[in-house]
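Structure, as structure tokens:
The values are calculated or read from the model by the stated rules, or taken from the named source; none is laboratory data. Fair warning: this is a prediction, and the values are worked out from it, not measured in the lab. In this analysis, Cβ positions are derived from the backbone assuming ideal geometry, glycine residues included, and neighbour counts consider all displayed protein chains. Ligands, DNA and RNA are stripped out before the accessible areas are found, and what is left, the full protein with its side chains, is counted by its heavy atoms. Shrake-Rupley method; radii C 1.70, N 1.55, O 1.52, S 1.80 Å.
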Amino acid sequence: MNEIKPISITVQSTDRSYSKLYNDLEKLNFKALHHKYPTINYGNKESTTTSKTPGKWTLCKAIQGHESDDINDQYSLFQHSMKWVLICGQCVGMNPVSGILEKEVSNIKFKYFSWRFLYGALLCFFQITASILCLFKLYRTFVSVRLLALLSFYSAIGINTFSFIRIGKKWPALLLSMYKTNLDEYIDLNLKVKCTAAMGIMLILAIVEHILSLISNMIRGLHCQDEPYNFYRAYLEHSFSWLFEIGIPFSLPLGIVMQIINLICIISWSYSDFFIVCIGFYLTSILEKINTKVTSSRDKCMPPAFWKQLREDYTQAGRLVRNFDNAINGVIFTSYANNLFFICLQMFNVLSHRYKEKPSAAPCPNLPSGPFGGYENVIYFTYSLSFVLGRFLAVSLITSGIHTASNEPASALYDIPSTMYCSEVQRFIEQVHGDTLALSGLQFFYVTKSLVLTVASTIVTYELVLLQFNGEEMVHKN
């Protein structure tokens, strides 16, 4: 079969008023040929192109490889970039949507009668039940830092799982609104690398934190037992004391099941954070592409129709930000509350004098003190503090990029010469300054760079209060 080439459309570079029409015709030409002959590589890779039109360059880049052939709109870009993030989420019961990787948006549906929803609902039920049992143990015994940490841990995960089920109900409509946006020009092909790297780094760090937690708990629950089975039982009774408090007998299969569920909870604990990071990467990339176009055009003689179209693109990007915010603002609120609590908790554990010195003797004279010579607790607390603090900073700084990018067009628009200034430019400036484009936590706060300083001051304040009034007593009870 002869190779089919796109129809050549020639537009004089001096006639800038037709540049948008040119781009639209090129996109329609490519989409029509790709839909009719999806297996054919349109265009000649060895041919040279002298056109400098952005739409032409985007088309030529898109037809040079199979991966770029599949990414020709915002919906396909999002699905391609979030593939492994969404798969990981469904493995831990998050976002139970059927057909989540489908190329056709009409095939993505939320179903109550599906194994994904049932799996997520069961995990949510377990997490909420664990929270209730931790609260029951607090009521029956005494308030301790460890029980408060477990209560916060399972409560945050249970709320997140429930929030992602609600997101699943909104997910098909959210992707449909993305599919209908006319923002195909603003595509960042590096988005998949960013999302995959963010997920991989956070998962690896979370698993390392979990391993150090296991070692710390083993040392805490160490008893003088000759049989490994009894040692494992002592470890489980220490790690899941809230479960055995209600009289459930110990068994080895129960311990294995609890370890598997605990690993799922550990991944769920970090999933909401790198999910928010990936959404931040995606929305910021669109706004940055628009900013690039504004900056490159400020010194050129562009007609009012050009600035009108650019302003409408900015409006569509803002509408997309609001749609995502309406869907995930509950997850953002829970993420910040959870990270704030655990930063204060682990900082308290690190600063407490109990963990500054090496233990004088091992918990059991017949057994070694541990792989880190008695410093297991302080190593775990220090690493956990660094991990949670880094996770909080990553979520805050990357997500705040949306707000930063939404304000950048103003400085470029102010640089437009007076001879090219028009009412559309004025409307664009007023729109940039008159609205706040940012993700929020249930509309209580917007994620901006100034929020980082606010949270930092809050952490220092509460940490000083905690150390002053409750430090020695709470460490002793823990």
Notebook entry, point to check: Regarding residue 130, is this residue free of Cβ contacts under 8 Å to residues at least 12 places away in the same chain and of a type in the set (Gly, Ala, Ser)?
Noted result: no
Check: Yes or no: residue 289 surrounded by fewer than 20 Cβ atoms within 10 Å (Cβ to Cβ), within 26 Å of residue 397 (Cα to Cα) and in contact with an Asp or Glu (Cβ under 8 Å, 6 or more places away or on another chain)?
Finding: yes
Check: Out of curiosity, is residue 314 under 17 Å from the mean Cα position of the chain (by Cα), part of a helix (DSSP H, G or I), among the aromatic types (Phe, Trp, Tyr) and modelled with pLDDT of 90 or more?
Finding: no
Check: If you check residue 253 against the conditions, is it in a loop (DSSP other than H, G, I, E, B) and either under 25 Å from residue 380 (Cα atoms) or modelled with pLDDT under 90 (or both)?
Finding: no
Margin query: Take residue 315 and tell me if it is touching a residue at least 12 places away in the same chain (Cβ under 8 Å) and among the hydroxyl-bearing types (Ser, Thr, Tyr).
Written below: yes
Notebook entry, point to check: Looking at segment 411-444, which of the residues that are aromatic (Phe, Trp, Tyr) and without any contact (Cβ under 8 Å) to a residue 60 or more places away in the chain is most open to solvent (accessible area, probe 1.4 Å)?
Noted result: 414
Check: Is it the case that some residue within segment 355-377 is modelled with pLDDT under 90, assigned to a helix (DSSP H, G or I), under 28 Å from the mean Cα position of the chain (by Cα) and not acidic (Asp, Glu)?
Finding: no
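Each row is one residue, and each column tells you yes or no for (1) open to solvent by less than 50 Å² (accessible area, probe 1.4 Å); (2) within 30 Å of residue 162 (Cβ to Cβ); (3) part of a helix (DSSP H, G or I); (4) among the aromatic types (Phe, Trp, Tyr).
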{"residue": "299", "(1), (2), (3), (4)": "no, no, no, no"}
{"residue": "309", "(1), (2), (3), (4)": "yes, no, yes, no"}
{"residue": "336", "(1), (2), (3), (4)": "yes, yes, yes, yes"}
{"residue": "350", "(1), (2), (3), (4)": "yes, no, yes, no"}
Item checked: Criterion: β-branched (Val, Ile, Thr) and at pLDDT 85 or above - qualifying residue of 460, 447 -> 447
Check: Tell me, which residue of segment 132-166 that is at pLDDT 85 or above and of a type in the set (Val, Ile, Thr) is surrounded by the most Cβ atoms within 10 Å (Cβ to Cβ)?
Finding: 157
Note to self: Every residue in segment 390-423 that is among the charged types (D, E, K, R) and at pLDDT below 90, please.
What the structure shows: 415
